[in-house]
Amino acid sequence: DGGITQSPKYLFRKEGQNVTLSCEQNLNHDAMYWYRQDPGQGLRLIYYSQIVNDFQKGDIAEGYSVSREKKESFPLTVTSAQKNPTAFYLCASSIAGAGGTDTQYFGPGTRLTVL
Amino acid sequence: AQSVAQPEDQVNVAEGNPLTVKCTYSVSGNPYLFWYVQYPNRGLQFLLKYITGDNLVKGSYGFEAEFNKSQTSFHLKKPSALVSDSALYFCAVRDRDTGRRALTFGSGTRLQVQP
């Protein structure tokens with residue numbers, strides 16, 4: 001899992017609540033990513049950011065929001081608009097540029113359960 | 001659009017036997033290909049990647065993968081399986097010609113190595 005930390009490891013949310021998942025990296029990487037993992041579906045991209053103060057929607061951004069105020073941090077907020085938020089959430093980072101050859105390194109994940 | 005197919009949900013192999021985990025991809029341009037491994041309730045660990053050059057790529061823990069452009073495949077192999085190799089394996093692709101930053105993942109293949 002290298003220099004990427006995610007917290008908390010487990011998170012429980014009541015319906016209608018917003019929750020924020022933390023992701024921090026000390027690898028000096030420019031790019032950061034959020035993926036959602038559901039059983040049998042692999043990983044799906046929620047949001048990514050290539051530079052501070054800039055981010056783009058991924059394939060399943062609805063019901064989620066992010067910010068990128070610092071290079072080291074890329075928090076994900078799961079809003080009440082996300083209809084089925086129970087999943088395993090993975091944060092990743094990589095060096096930007098490199099013509100797309102960069103490797104993404106993953107954090108240990110946060111398991112979110114809606115009660 | 002880019003996509004990855006991992007046709008086997010599970011692969012069973014006896015310890016000491018060779019193993020193969022299959023992956024085929026689809027991109028409009030040329031691919032960058034990656035393999036990751038995931039242990040229960042953990043993040044993904046990078047194994048190896050194909051960028052260019054030699055079609056046989058060697059990676060961590062004795063794994064290797066062969067890029068076959070004509071068959072659009074990137075199968076993961078290991079000459080002699082260990083019980084500790086039992087895990088979930090993901091293949092991922094990035095199209096080097098589209099500029100899409102994030103990876104597209106397959107649905108994963110669970111490898112079970114029996115003692």
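Pop the C-beta distance of B:SER84 and A:GLN56 into the FRET formula with R0 = 30 Å and round what comes out to the nearest 0.05.
So the FRET efficiency works out to roughly 0.20.
For A:TYR10 paired with A:THR77, estimate the spin-label separation in nm (one decimal), with each label point 7 Å from Cα along the Cα-to-Cβ line.
Going from the A:TYR10 label point to the A:THR77 one covers 2.7 nm.
Please state, to two decimals, what the Cα-based radius of gyration of the protein assembly as shown comes to when divided by 2.2 N^0.38 Å (N = residues).
This ratio for the protein assembly as shown stands at 1.01.
Could you check the spin-label model distance between B:TYR39 and A:THR101? Points 7 Å from the Cα along Cα→Cβ, value in nm.
3.0
Tell me the Kirkwood radius of chain B: reciprocal of the mean inverse pair distance over distinct alpha-carbon atoms, in Å.
Evaluated on chain B, it is 14.2 Å.
How far is it, in nm, from the label point at B:ASN68 to the one at B:ASP9 when both lie 7 Å from their Cα along the line to the Cβ?
Spacing of the two 7 Å Cα→Cβ label points: 2.5 nm.
With a ≥ b ≥ c taken as the square roots of the eigenvalues of the C-alpha gyration tensor of the stretch A:1-47, please select rounded if a/c is under 1.5 and otherwise prolate if a/b is larger than b/c or oblate if it is not?
oblate
Taking B:LYS22 as the anchor, which lysines have their alpha carbon closer than 18 Å to its alpha carbon, excluding any fewer than eight residues away along the same chain?
Filter leaves B:LYS49, B:LYS58, B:LYS69, B:LYS77, B:LYS78.
Report the Cα centroid-to-centroid distance between the stretch B:60-115 and the stretch A:56-75 in angstrom, as an integer.
27
Specify the longest stretch of chain A that does not include any exposed loop site, a site being one of the trypsin sites (Lys or Arg not before Pro) with a non-H, G, I, E, B DSSP assignment and at most 14 other Cβ atoms within 10 Å.
Answer - A:15-82.
Read-outs throughout are calculated quantities, based only on the coordinates presented, and are distinct from any laboratory measurement. All values derive from a computational prediction rather than experimental measurement. Because the Cβ atoms are built from the backbone with ideal geometry, glycine has one as well, and the counts that use them run over all protein chains shown.
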